[in-house]
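Please read the structure below before turning to the comments.
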Amino acid sequence: MSLRIVVTVKYVPDATGDRHFADDLTVDRDDVDGLLSELDEYAVEQALQISENSDDDVEITVLTVGPEDAKDALRKALSMGADKAIHVEDDDLHGTDAIGTSLVLAKAIEKAGYDLVVSGMASTDGTMGVVPALLAERLGVPQVTLLSEVSVEDGTVKGRRDGDSATEQLEASLPAVVSVTDQSGEARYPSFKGIMAAKKKPVQSWDLSDLDIDEDEVGLENAYTTVDSATERPARTAGTIVKDEGEGGKQLAAFLAERKFV
Amino acid sequence: MAEVLVYVDHVDGAVRKPTLELLTLARRVGEPVAVALGNGAGDTAAALAEHGAVKVLTHEAAEYADYLVVPKVDALQAAVEAVSPAAVLVPSSAEGKEIAARLALRLGSGVITDAVDLEAGDEGPVATQSVFAAAFTTKSRVSKGTPVITVKPNSAAVEAAPAAGAVEALSVSFSAQATGTKVTSRTPRESTGRPELTEAAIVVSGGRGVNGAENFAIIEALADSLGAAVGASRAAVDAGWYPHTNQVGQTGKSVSPQLYIASGISGAIQHRAGMQTSKTIVAINKDAEAPIFDLVDYGVVGDLFDVVPQLTEEVKTRKG
């Protein structure tokens with residue numbers, strides 16, 4: 001038996017940088033350093049753990065859609081231990097929204113071949129958290145999403161979803177799409193050996209024609225949503241800051257009373 | 001006037017507050033038609049009618065509880081086909097966003113998530129979103145298909161607006177995918193008696209400075225004096241001091257209460273992403289240089305173990 005896992009990852013602008021919009025109201029990627037979305041590290045980690053806990057032959061492919069720099073995200077995942085990588089890159093992809101991105105990912109996943117797709121719960125830039133569900137819908141396979149625990153055995157994926165009102169145990173037959181939360185387990189750091197090995201691992205590059213996608217299905221012009229304006233939030237007016245000299249709690253209570261919270 | 005579908009989030013017939021907020025927003029865009037699914041769906045009608053639903057489409061079936069997400073997508077799709085609405089509004093919970101996304105894909109529509117406001121526009125509803133850790137505000141619309149928009153809790157005040165709320169049975173046939181993901185067990189979270197974090201008008205959060213699970217009692221006491229929900233920073237959650245379900249921030253819950261009180265939280269960008277849209281922000285921290293003080297309406301530089309209990313006592317005294 002063999003198990004083919006595709007991990008979808010995203011290259012995102014560093015949240016600690018000064019993120020802003022470009023003139024076309026897409027995310028400006030030039031002025032802020034990019035990196036592998038932190039939440040996708042958990043997806044790579046869980047794929048590696050599934051592999052380590054499996055008696056089957058497991059092959060882990062990491063997949064990203066993004067500009068040239070996005071290869072950095074793939075390299076990080078490869079150095080953590082993934083086996084190979086696929087980079088979908090095409091100038092026509094600029095400005096593609098979540099619906100379009102899910103099309104590109106789904107076509108690439110089908111072309112790569114898969115039994116299990118593992119994703120992070122959301123990207124750290126868009127933070128929509130919809131791509132795993134969209135992939136399941138496109139691929140016509142079960143979604144087993146937002147898991148804090150995941151395991152695969154005998155063609156079945158099981159997991160625990162910690163929702164607001166209840167904890168649920170979920171189960172689905174493979175093939176399936178899984179997403180994992182930051183509670184699924186600390187992601188490992190790449191070892192020196194892992195970093196060296198990653199340099200020799202294959203990275204395939206595909207463009208839209210490799211995936212039989214027309215240019216009018218993706219890109220900013222063909223997005224299903226339009227951003228009409230983006231304005232920087234005005235800086236908050238400086239608040240009152242007091243030093244506690246024994247009455248700090250009382251002073252704060254007075255402020256809350258003045259604002260009618262008490 | 002065009003109809004607008006509102007997906008009803010309810011627990012055995014008890015409608016949750018974000019749905020009532022959605023009905024208020026829906027009235028700006030059209031006539032709200034509510035869709036209530038699962039056990040107790042019919043019992044939601046009175047509350048929905050009181051808040052503006054002209055019609056309530058209901059369907060009860062075991063599938064909604066026994067399988068994940070897809071049965072609800074099937075039902076909403078059936079409702080869209082029955083009503084041809086101008087938009088579909090869904091509460092922005094984790095599940096709500098997944099339902100909305102799959103529905104949009106089936107309808108050939110765009111989806112907008114985490115709207116914080118909604119207004120009518122010439123080309124359909126315009127959604128306001130708060131992005132990049134609330135550093136920017138965007139206005140967006142769905143440019144293809146029937147707009148599917150999820151709205152965050154606390155985005156609108158609940159307003160009563162009595163309407164007919166006529167109950168109609170929705171006819172649903174489940175797709176082949178509906179039973180793909182089985183829910184094999186469900187353990188309800190034990191109620192703390194406090195408001196739900198994302199819905200609360202006041203949130204009191206503790207961070208690294210709380211320095212231990214046992215010390216969260218101080219945070220809880222303040223929360224209880226104010227009728228508030230309790231939040232925690234990622235540092236406090238990762239240390240095992242408070243459950244992940246209470247985590248406020250980029251990888252936890254995003255909250256937007258009237259009042260947010262941060263105690264012993266430095267205010268890393270990841271935390272700010274989850275609370276920066278709060279209307280009034282208050283912080284208590286020993287470190288005068290903590291970035292959280294850049295956000296506050298009122299800050300106290302001091303030891304939370306002195307300030308928080310004194311605040312709690314004073315709140316109790318003032319409330320009598």
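Determine the alpha carbon to alpha carbon distance for each of A:Lys84/A:Lys193; B:Lys17/B:Lys97; A:Lys10/A:Lys193 and list only those over 20 Å. Checking Cα-Cα distances, A:Lys10/A:Lys193 exceed 20 Å. Proximity of backbone amide H atoms, modeled 1.01 Å from N, is registered between B:Ala61 and B:Gly38, B:Asn39 at under 5 Å, excluding neighbours fewer than 5 places apart on the same chain. Region B:29-93 and region B:189-224 have Cα centres spaced 32 Å apart.
A cut-off under 13 angstrom between Cβ atoms defines the neighbours of A:Asp228, and their net charge, with Lys, Arg +1 and Asp, Glu -1, is -2. Paramagnetic label reach from A:Ala257 (point 7 Å along Cα→Cβ; backbone nitrogen cut-off under 15 Å): within region B:211-231, no residues.
Here A:Trp206 sits with roughly 30 square angstrom of accessible surface, probe radius 1.4 Å.
Here the simple spin-label model places points 7 Å from the Cα toward Cβ, and for B:Arg194 and A:Asp69 these points are separated by 4.0 nm. For the protein assembly as shown, the residue among A:Val141, A:Ile213, B:Pro162 whose Cα projects farthest onto the positive side of the dipole built from Cβ charges is B:Pro162. For the pair B:Asp43 and B:Thr184, a Förster radius of 25 Å applied to the C-beta separation gives a FRET efficiency near 0.40, rounded to the nearest 0.05. Just check the protein assembly as shown against the gyration tensor rule for me: Cα atoms, a ≥ b ≥ c as the square roots of the eigenvalues, rounded for a/c under 1.5, and otherwise prolate or oblate depending on whether a/b exceeds b/c. Oblate, since a/c reaches 1.5 and b/c is not below a/b.
Give me the summed buried accessible area for the A-B pair, 1.4 Å probe, to the nearest 100 Å². Answer for the A-B pair: about 7100 Å² buried.
In sequence order, region B:74-82 has phi-based couplings of 4, 5, 5, 4, 4, 5, 4, 5, 6 Hz under the Karplus curve 6.51 cos²θ - 1.76 cosθ + 1.60, θ = phi - 60°, and Gly or Pro positions carry x. Taking amide H positions as modeled 1.01 Å from N, with prolines and chain starts lacking one, the residues under 5 Å from A:Val7 and 5 or more places away or on another chain are A:Thr61, A:Val62, A:Leu63, A:Val118. In sequence order, region A:27-35 has phi-based couplings of 5, 6, 9, 7, 8, 10, 4, x, 7 Hz under the Karplus curve 6.51 cos²θ - 1.76 cosθ + 1.60, θ = phi - 60°, and Gly or Pro positions carry x. Counting only Cβ charges, +1 for Lys and Arg and -1 for Asp and Glu, the dipole size of region B:3-169 around its Cα centre is about 480 debye. Which shape class applies to region B:264-304: rounded if a/c is under 1.5, otherwise prolate when a/b exceeds b/c and oblate if not, where a ≥ b ≥ c are the square roots of the Cα gyration tensor eigenvalues? Because a/c hits 1.5 or more and a/b fails to exceed b/c, region B:264-304 counts as oblate. In straight-distance terms, cross-link reach from B:Lys316 covers every one of the lysines whose alpha-carbon lies under 17 Å from its own, apart from those fewer than eight places away in the same chain; here that gives A:Lys250, A:Lys260.
Surface composition of region B:202-319: carbon plus sulfur atoms hold 46% of the accessible area, using a 1.4 angstrom probe and ignoring ligands, DNA and RNA. Compute the separation of the alpha-carbon centres of region B:137-179 and region A:147-184 and state it in Å as a whole number. Spelled out, the Cα-based centre of one part sits 27 Å from the other. Each other residue within a Cβ distance under 15 Å of B:Ala200 adds +1 if Lys or Arg and -1 if Asp or Glu, for a net charge of 0. Per residue, the accessible area of the protein assembly as shown comes to 40 Å², computed with a 1.4 Å probe over protein heavy atoms only. Of the accessible area of region B:3-169, computed with a 1.4 Å probe over protein heavy atoms only, carbon and sulfur atoms account for 47 percent. In order along region B:140-154, the Karplus-derived 3J(HN,Hα) couplings, from 6.51 cos²θ - 1.76 cosθ + 1.60 at θ = phi - 60°, round to 9, 9, 7, 9, 9, x, 7, x, 10, 10, 9, 10, 6, x, 6 Hz, and Gly and Pro are given as x.
Under 16 Å from a label point set 7 Å out along the Cα-to-Cβ vector of B:Ala157, the amide N atoms of region B:194-221 belong to B:201-202. Here region B:276-320 is assigned +1 on the Cβ of each Lys and Arg and -1 on the Cβ of each Asp and Glu. Its dipole about the Cα centre then comes out at about 340 debye. Does region A:2-222 classify as rounded, prolate or oblate by the C-alpha gyration tensor (a ≥ b ≥ c root eigenvalues; a/c under 1.5 gives rounded; else a/b over b/c gives prolate, otherwise oblate)? It is rounded, given that a/c, with a ≥ b ≥ c, falls under 1.5. For a quick check, take a GNM of chain B with Cα springs below 10 Å and name the residue from B:Thr280, B:Thr198, B:Thr184 with the largest mean-square fluctuation. Of the options given, B:Thr184 has the highest mean-square fluctuation.
The values are calculated or read from the model by the stated rules, or taken from the named source; none is laboratory data. Keep in mind it's a predicted model, so treat the numbers as computed, not measured. Here Cβ is always computed from backbone atoms with ideal geometry, including for glycine, and neighbour counts include all displayed protein chains. Ligands, DNA and RNA are stripped out before the accessible areas are found, and what is left, the full protein with its side chains, is counted by its heavy atoms. Shrake-Rupley method; radii C 1.70, N 1.55, O 1.52, S 1.80 Å.
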